[in-house]
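The values are calculated or read from the model by the stated rules, or taken from the named source; none is laboratory data. Since this is a predicted model, take the numbers as computed values, not measurements. Note that each Cβ is placed from the backbone with ideal geometry, even for glycine, and that neighbours are counted across all protein chains shown. Accessible surface areas use protein heavy atoms only, side chains included; no ligands, DNA or RNA. Shrake-Rupley method; radii C 1.70, N 1.55, O 1.52, S 1.80 Å.
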Amino acid sequence: MTTGSDLIAQLERLGDEFAAVIAPLADEQTIRAAQAQFLGKKGQVSEVMKELGRLPPVDRPLVGQAANRVKDTIAAAVDARLVALAAARRAADLARTVDVTLPGRPCGGGHLHLLTQVRLELVGIFAELGFAVAEGPQIETDWHTFEALAIPKDHPARDMQDTFYVADEIVLRTHTSPVQIRTMQGHPPPIRIVAPGVVYRRDDDATHSPMFTQIEGLVVDEGVRVSDLKGVLLHFVNRFYAGSGGGLDVRLRPSYFPFVEPGVEIDMSCRFCRGGGCRLCKGSGWIEIGGAGMVDPDVFAQVGIDSERYTGFAFGMGIERMAMLRHGVNDIKLYYEGDLRFLDQF
Ligand code: FA5
């Protein structure tokens, strides 16, 4: 027959067993499940307590006290185990944190965009020749962009520079040539300026972008001749392309711009096909980098400069195109995509 001492011994054993059961458990959920197996309604402690009714009443209080002690022991074991697990987690977190005494990871320095580098270099080459830098607005009047440059409304040359109209008579400038007009309006000769800047056209292919940059040049003085224009352009091309793969030829091809007379186009031999003809040079072996010519007397008349006394030359070149040829960039879009694998090469 079961005695009070038997039950007390069983209860104490359960207390010891519980400690062994939860020792390997590592998360709260399984620990709580084990706790329920011992203390729940159908748990092992309850099973033992079912025997209580068979004991003589005098033995019951001692067993009841033993059951309470076991419950307290189990609850304390659960608390202790949870506290220990939390402490272990915290210790692991701390072990994972940054060692502030480690040297930092190197962070690559940035640099100027290729087009900015090239622009500054171009300005530097012209500065050596005594050119100052001039600027003009990107949102420009139709008059400065076209009319004053002898391109009236019905002139076919407008079609080649189809652009974005902001309002009647206000356009996104299609070239930097309006800076010629603003400069001549603001300064009497002698003038010797370059004007780098952003321009806009309704263009889009491997060598044409709707937004691109040009650098304009203007020289006005007494006795300025075509040979001066040629000398400046050839000097510039030789400086800019010196040491860049070598072997690029330049040619000045007679061409028409309404605001110069005579006019030329400046072509460089195509470095992508070495003159054989390819997609980029449209099979011609040459890539046009800009236009140039002697300032037309009609333009001088628009800005009140005496064309009997003064002559001048002007040029306008595409900075993207020039950089494509020097660095072997075979698609103009690469400049604007912001891909570091491209940009980091320069
Ligand atoms: C002009 O823009 C004239 N204003 C140049 C000029 C100035 C002639 C002074 C005479 C005197 P053109 O449309 O050819 O000319 O453009 C000049 C250069 O800009 C081109 O040779 C090319 O290098 C570049 N270019 C033109 N359109 C684009 C485009 N959509 N994307 C990138 N580059 C372009």
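Would you mind telling me which numbered condition in (1) under 29 Å from the mean Cα position of the chain (by Cα); (2) within 10 Å of the ligand (Cβ to nearest atom) residue 266 fails?
The single condition residue 266 does not satisfy is (1).
Quick one: which strands (runs of 3 or more DSSP E) lie wholly within the range 240-311 and hold at least 3 residues that are touching a Leu at 6+ places or on another chain (Cβ under 8 Å)?
260-269, 286-295
Can residue 321 be described as within 23 Å of residue 134 (Cβ to Cβ), within 14 Å of the ligand (Cβ to nearest atom) and basic (Lys, Arg)?
yes
Picking from 221, 159, which residue would you name as being free of Cβ contacts under 8 Å to residues at least 60 places away in the same chain and not basic (Lys, Arg)?
Step by step, each of 221, 159 is checked, and only 159 is free of Cβ contacts under 8 Å to residues at least 60 places away in the same chain and not basic (Lys, Arg).
Can you name every residue in the range 120-131 that is more than 13 Å from the ligand (Cβ to nearest atom), open to solvent by less than 50 Å² (accessible area, probe 1.4 Å) and either touching an Asp or Glu at 6+ places or on another chain (Cβ under 8 Å) or over 18 Å from residue 187 (Cβ atoms) (or both)?
Result: 123, 124, 125.
How many residues does the range 103-131 hold that are within 30 Å of the chain's Cα centre (by Cα) and part of a loop (DSSP other than H, G, I, E, B)?
11
Select from the range 281-299 the residues that are within 14 Å of the ligand (Cβ to nearest atom) and over 41 Å from the mean Cα position of the chain (by Cα) and write down the one among them that is most open to solvent (accessible area, probe 1.4 Å).
The selected residue is 298.
Condition (residue is surrounded by fewer than 22 Cβ atoms within 10 Å (Cβ to Cβ), without any contact (Cβ under 8 Å) to a residue 24 or more places away in the chain and within 9 Å of the ligand (Cβ to nearest atom)) applied to the range 248-261: is it met by at least one residue?
Checked the range 248-261: no residue is surrounded by fewer than 22 Cβ atoms within 10 Å (Cβ to Cβ), without any contact (Cβ under 8 Å) to a residue 24 or more places away in the chain and within 9 Å of the ligand (Cβ to nearest atom).
Of all the residues that make up the range 178-194, how many are within 14 Å of the ligand (Cβ to nearest atom), under 23 Å from residue 223 (Cβ atoms) and touching a strand residue (DSSP E or B) at 6+ places or on another chain (Cβ under 6 Å)?
The qualifying residues number 5.
May I ask you to list the residues in the range 208-239 that are open to solvent by 20 Å² or more (accessible area, probe 1.4 Å), out of contact with any strand residue (DSSP E or B) (no Cβ under 7 Å at 6 or more places or on another chain) and within 14 Å of the ligand (Cβ to nearest atom)?
Hits for the range 208-239 are 208, 232.
Can you tell me which residue is surrounded by the most Cβ atoms within 10 Å (Cβ to Cβ) among those in the range 1-26 that are aliphatic (A, V, I, L, M) and not in a helix (DSSP H, G or I)?
Across the range 1-26, the extreme among qualifying residues is 25.
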